[in-house]
Every structure is written in C-alpha cells, then in structure tokens.
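Reading through the structure tokens given below for one structure.
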Amino acid sequence: MDHLFYETALILAASAALGGLTLWLRQPLIVAFILVGILVGPSGLNLAGVDERLQLLAEIGITVLLFVVGLKLDLHLIKTLGPVALATGLGQVAFTSLFGFFIGLALGFSIVGALYLAVALTFSSTIIIVKLLSDKREIDALHGRIAVGFLIVQDIAVILAMIGLNALGAEAASGHPLLDGLLVLLKGTGLLIAVGLAMRFILPMLLAHLARSQELLILFALAWAVLLAAVGDFLGFSKEVGAFLAGVSLASTPFREAIAGRLVSLRDFLLLFFFISLGAQLDLATVGAQIVPALIFSVFVLVGNPLIVMVIMGVMGYRKRTGFLAGLTVAQISEFSLILGALGVSLGHIDRETLGLITLIGLITIGLSTYLILYSHQIYNRLSPWLGVFERRHPYREISEKEGKTSEAPDIILFGLGRYGRNIANHLVRRGKKLLAVDFDPQIVAESGHFPFPVLYGDAEDPEQLENLPLRQTRWLVSTLPGKAVNLEIIKALRTQGYAGRIVLTAHSPDEAETFRRAGADKVLWPYVDAAELAVDYLSGTREELDTQSPWELHLEEVKLRPDSAASGRKIGKIALRTRTGASIVAVARAGISYYDPDADFRLFPGDLLVLLGNAEGLEQACRILEERKDTAGADEKRFRMKEVLVPDNSAWMGRSLADLDLRRQHGVSVIGIQRGAERLISPRPDMVVQPGDVLLVIGSPLAIRDFMEHREDDNILPGKPEEEK
C-alpha cells in the first residue's frame, strides 16, 4: 500500500512540474499528462507503474468526463445555430472518416485498424477548444458559438460510435449477430425509457430537495453518474454511454450549471490518471516506425479538417474570416479519440501499437493546433488574400446571425431573488429590460416558471458559475445578496473574467458601501436607507401637511408616477382626471419640493408623487388611470441614437465653432463629445473650434440622425467608424 502511495505522490509531483512547463509553453495540460506517463512508465525511467487502482481512478475520470459532456449538452445551441452546426459537424465527420480510412489503408493498416484511425481523427477536443476560446474572450464571438455548436455534434457522434463498437464487440464474442443485435436494441430501449421516466417524475423533485445542501447535490450527481455508468457497462453499452445518459438526464434541470461547475476540477484531476496511463503504454521502441504515419495523419488533421469546415461554412453564407477561425478549432484530435482507441484495445479490435499511434497523433496535433488558435488572427491576416475562394459574394447568413445574437443577450444579470431582488426584477421587466436571474435557493428556482424572466440555479461565489454566464453581452450585473465577502468575491471574479459592464452591489451599512466603492462597484444600493427615506417622505411629506392644516377630514390618496405611466410627460389638463373620475390633483411632490394646487398647464414627470382628493370610488378609478402603462408602439422612434462622424481635411467646418455650426437648429442633433487624437473631450463648450481629424460624437432622435447623415455630404463630412466596429 505504501508503495502505491509513493508512486502516486511521484506521479502527482511530476505532473505538477511538467504542467508548469506546458503552461509556460501555452500548451494544454493533456500534453503534460501524457508526457508524464512516458517519463515515469516502462518506456521512460520506469519509476512507477500503472496499478489497477490507478486504472480505477482513470475509469472514474472518464465517467465524470462523459457525465459533464451530457450535462452541458446544449441542444438549444444546436437548434439556434441550426444548419451550420449540423452541416459543419456532420460534414467534417464524414470527410475526415472517409479520407482518413483510405489513408490508413494506403499506409498498410488493416480494415479495422484503418477504421479506428479514421474515426479517431474525426473528433476535436471540446475541453481544449472551450478553454482556449474562453481565455481569448472569443467563446461568445460568432465563430466561437459555431465551433461550440459543431463540437457538440461531434460529442454526440462519438457516443454513437462507442455504442456501435460495443455492440460489434458483443456480437463478435457471442457469434449470434442478429440475435445479439436485437437484444442490444431492446436493452437500449429499456434503458432510455427508464432514464426518461426518471427525468420526468423523479429527478426534478429529488434535485430540488437535495439542492438545499450543495455538497449533497454534488455527491448525488457523482453517484448518479457512476451508477448509470455501471448499468451501461452491465447491459453491454460501456461505462461511457451510461455516464453520458446520466448527464443528459440532468441537463434539463436548473441545477446543471452548478453541478458542472463543481465537477470540472474533479474531472480534470481524475483524467490525469487516464492520460498518464496512455503515456505509460506508449512504447518508445516503436515510435521510430510510427513517426511517418503520425506525421501524415497529423498534416491531414491540421490542414484537411479546417479546409472542409471553411468550404461548408463558405457555401452556407459565412465570411472567410469566420470560417477560418472556426476551422482552426478542429485542427487537432480529441481526448475522446484516445478514449475510443483504448476502447478498441479492450475489445480486441486494435493492438497497442495502433493506440500508440493515435496517442502520438494527439500529441502532435494538440500541441500545434494550440498555437494556431492562440495566434489565429495574426495567421488570418497573412493568409486572408488567398482565402477569398471560401467566401460567397454575399455572406447573407453571417449578417442574420449577428442580428439574431444581439436580440438574445440579457441587458442585466441579477444575483439574488429575495424580496428586494424580486421587486427589482419585476420593475426591470416592467420597463422592458431583458433580465437573467441567478439564485442559490432551490425553492425559488423551482418556482421560476411563474417568473417573466429566466432563472438559473447557482452560487455567486463560484467562478465556474460566472464563466457560464453571458457576461460579454450584459451591460449591468446587479447583486442584491447580503454580505461583504460574497460581493467582494463577485467583483474579483468579474474582473478576472474581463467583464467590462457596470457592477451594482447592495450594502447594509456605510462601511460596506465604502468598501464596495473602493473595490470597484459602479453603484451601491442601500435598501433600508432608501426605504427609510420613503417612509420619512410619507410621514412628513405633502399629504401629511395637507392633513395637518385641513380643518375637515379629507379623502386623500398618494400615487407615485412611474416612468412607463401613460400620464408621464403630460400636462394635468390633458389627462382630464377630474372630468373622468371626479378626483383632483391637489399637490405634487418633486425632488423634495411641494407644488400645491397645480394648474392645468403643470406637466407631470416620472417620479412625481401626486396627492389626489376625491371620494373613495373616484380615487380608486384615478389611481388606475395614473398606473396605466403607455403604449410602447413606435417607442423605438422616440429613443435617441448616437453616431460618430469624422471631420476630413477638406471639410467646410474647419475653423468654425460648434456655436457657429448650430447643428441643433440645422439638423436636430447635438455634439456631446469630440475625439482629438488620443484625447476625448466630453460635453465640449459651444466656442470650441472644429479641427481636421476631429471625430464628433453626435446625439439625436433616430430620424434626426438619419437626416443628418444623409445630408453630411453638403457640408463635406464623412462618417466615422461603423457602429458595429465600436
């Protein structure tokens, strides 16, 4: 036992050391782990063997890997990306398998060996690609979303391949292929029905109960993954298929992100032993004979896979740049390729030399493709002139993808749906904001179907949770969670993720508020202070003064005018409240000032506190009228737009001040900023003189901006940067 403990300690120490080296070389840790296996194994220093107990850890690691893949199977992403994910994923699988098979035959491999090599070359590493794209902040870019879409298609394909290979192995062992094929079909159908019933009637309620303790939730998820892996292996489908189904069964629950986030570190640790065992099985004595086939297959993967992706995406209407960047993500083989090779060895379909060849191809392609992805933009800039053949004259689909993307992203992410958070959420939705809420209470998540916004189960202090949120498109992140530590952790995690939006935190003391401001919060909410101020306004405000001075008992009612009220921005006379209800507006409180007996020309604004006088029925009717929401049809035309315009050297505006140009009167727009070189001047003075090369930031209604840009040639003005490039 001590001997095994010492070997494990040696393996972990070597993994940490080589892991640091590969990190410095900007390589995935998979490369380090395989090299550790070669180093400490029989082909290297022979310092440690791969004990069956370490093999058990490797098998559990593969189980957790397949479970997480199933857990994060985003079928909605495939649906939204639709044809491009399926066409690119399946097209690349078919192309690589077919040509890889013929290359294998030409190199002298058997039909079965060539088939395994071809299928192994097909799959790309979801783990590596997602990590690299996330580090480059490109996971939410168009090519990143497309890449994740067809990687999911590949993951489904590899699961189907494993099922097929296990079925072939079972048939070959029994000698009754037809009968065994029917038996496999029946057992598979029974397993799917059982899992489906559990998804429908058992798992949702069970998870909602277990989620009260996150430790118990993670323990159950792990137990469920291993249990179904064992069932899958018992029925002849392999552990991997059972683990994948376990993940899929939990993928539709609101707890999947929390489970996946907590299992990622465990998955990576356990997979270490699998990759080390692969490296230990690599016979360096045969590497010399495998170098040439490995290089041929590696060139095929590094060049052929990106080419077929670019061809398919070009035909489907994407720009050459998008096709090139997405294509580079398939220029390596996957950890699933190695798992598939190990499965082939266990079934007796291929020998260890073939598995060693697959491992060698993995080292070459993963190592080189990492640099291709890291420097993808620089490589594209050099190759761009020769890539026009991969682009249609009009890349119509990319335009629609960009338009669709902007409409789906939430405006605000809200952490915490307690009473305060839920009220904020409801008011934000009422004002037309797109909201995504995150809460750690399983009871609230279970009731999320009644909310007019999506709710995720998650922990704000979990960095993995933040990685799975659409932070890049979100302008505000609001936390209503109590506690200094949790909110400071949110700020730290957001800065680590490169979040560029605004952060709003909730404080319950002056000390907390000051700490949050120093840490980088853009705004601090004070629920109790704000509520206390409202209470004081009520107790000592306009209505209270009217009640105090009146010798008679009056029927008064207070109504706060909301921004979306139909009465906002209108004059009292136009509302005709007295004519319609018999109730009158006898006072208006605005910004701490009371306006008594306002006349018919008095204009009401959002936030005004109106004091109404009348009988009970009239007051109730008047309150309903004032709370009616305004018609939002055509609201977009009432909003403002911003536009940048560049003042060229030959402009007629040269040497003229903003007051002389009088753009407000001429075109209905205002200059709110001037960029001069690297300096940006906000709210410039009217006497500021326009110079050549200035970039003016103008603001106005959409109609005014459109009219201004249409007539810019009259004043020799040229447009600045297009809006989509800002």
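Listed by position, the helices (runs of 4 or more DSSP H) inside region 523-589 whose residues that are at pLDDT below 70 number at least 3 are 527-540, 542-549.
In region 590-620, the qualifying residues are those that are of a type in the set (Gly, Ala, Ser) and part of a loop (DSSP other than H, G, I, E, B), and the one that is nearest to Ile575 (Cα to Cα) is Ala600.
Considered as a group, the residues in region 291-346 that are polar (S, T, N, Q) and crowded, with 22+ Cβ neighbours inside 10 Å include one that is farthest from Ser97 (Cα to Cα), and that residue is Thr322.
Figure legend. Inter-residue proximity from region 414-435: first residues β-branched (Val, Ile, Thr), second residues surrounded by fewer than 19 Cβ atoms within 10 Å (Cβ to Cβ) and not in a helix (DSSP H, G or I), beta-carbon distance below 7 Å, spacing 6+ or different chains. Indicated pairs: Val429/Pro452; Val429/Phe453.
Residue pairs whose Cβ atoms lie under 7 Å apart, sitting 6 or more positions apart in sequence or on different chains, and linking a residue in region 304-323 that is not assigned by TED's automatic domain parsing to the domain that holds Leu98 to a partner that is among the small types (Gly, Ala, Ser) and surrounded by fewer than 22 Cβ atoms within 10 Å (Cβ to Cβ), do not occur here. Sub-6 Å Cβ pairs linking a first residue in region 123-150 that is assigned by TED's automatic domain parsing to the domain that holds Val301 to a second residue that is at pLDDT 75 or above and basic (Lys, Arg), at least 6 apart or interchain, are Asp140/Arg472, ordered by first then second residue.
Going residue by residue through region 689-705, is there one that turns out to be among the charged types (D, E, K, R) and not in a strand (DSSP E or B)? The answer is yes, given that some residue of region 689-705 is among the charged types (D, E, K, R) and not in a strand (DSSP E or B).
One line per residue, one yes/no per condition, for (1) touching a helix residue (DSSP H, G or I) at 6+ places or on another chain (Cβ under 6 Å); (2) surrounded by fewer than 21 Cβ atoms within 10 Å (Cβ to Cβ):
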site: Thr88; (1), (2): yes, no
site: Leu105; (1), (2): yes, yes
site: Ser110; (1), (2): no, yes
site: Leu121; (1), (2): yes, no
site: Lys131; (1), (2): no, yes
site: Lys136; (1), (2): no, yes
site: Arg145; (1), (2): no, yes
site: Phe150; (1), (2): yes, no
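Within region 329-376, the set of residues being without any contact (Cβ under 8 Å) to a residue 12 or more places away in the chain and part of a helix (DSSP H, G or I) comprises Val345, Ser346.
Number of residues in region 595-617 that are more than 25 Å from His427 (Cα to Cα) and either touching a strand residue (DSSP E or B) at 6+ places or on another chain (Cβ under 6 Å) or of a type in the set (D, E, K, R) (or both): the value is 8.
The values are calculated or read from the model by the stated rules, or taken from the named source; none is laboratory data. Keep in mind that this is a model prediction, so the values were computed, not measured. Ideal geometry is used to build each Cβ from the backbone, glycine not excepted, and the neighbour counts take in all protein chains shown.
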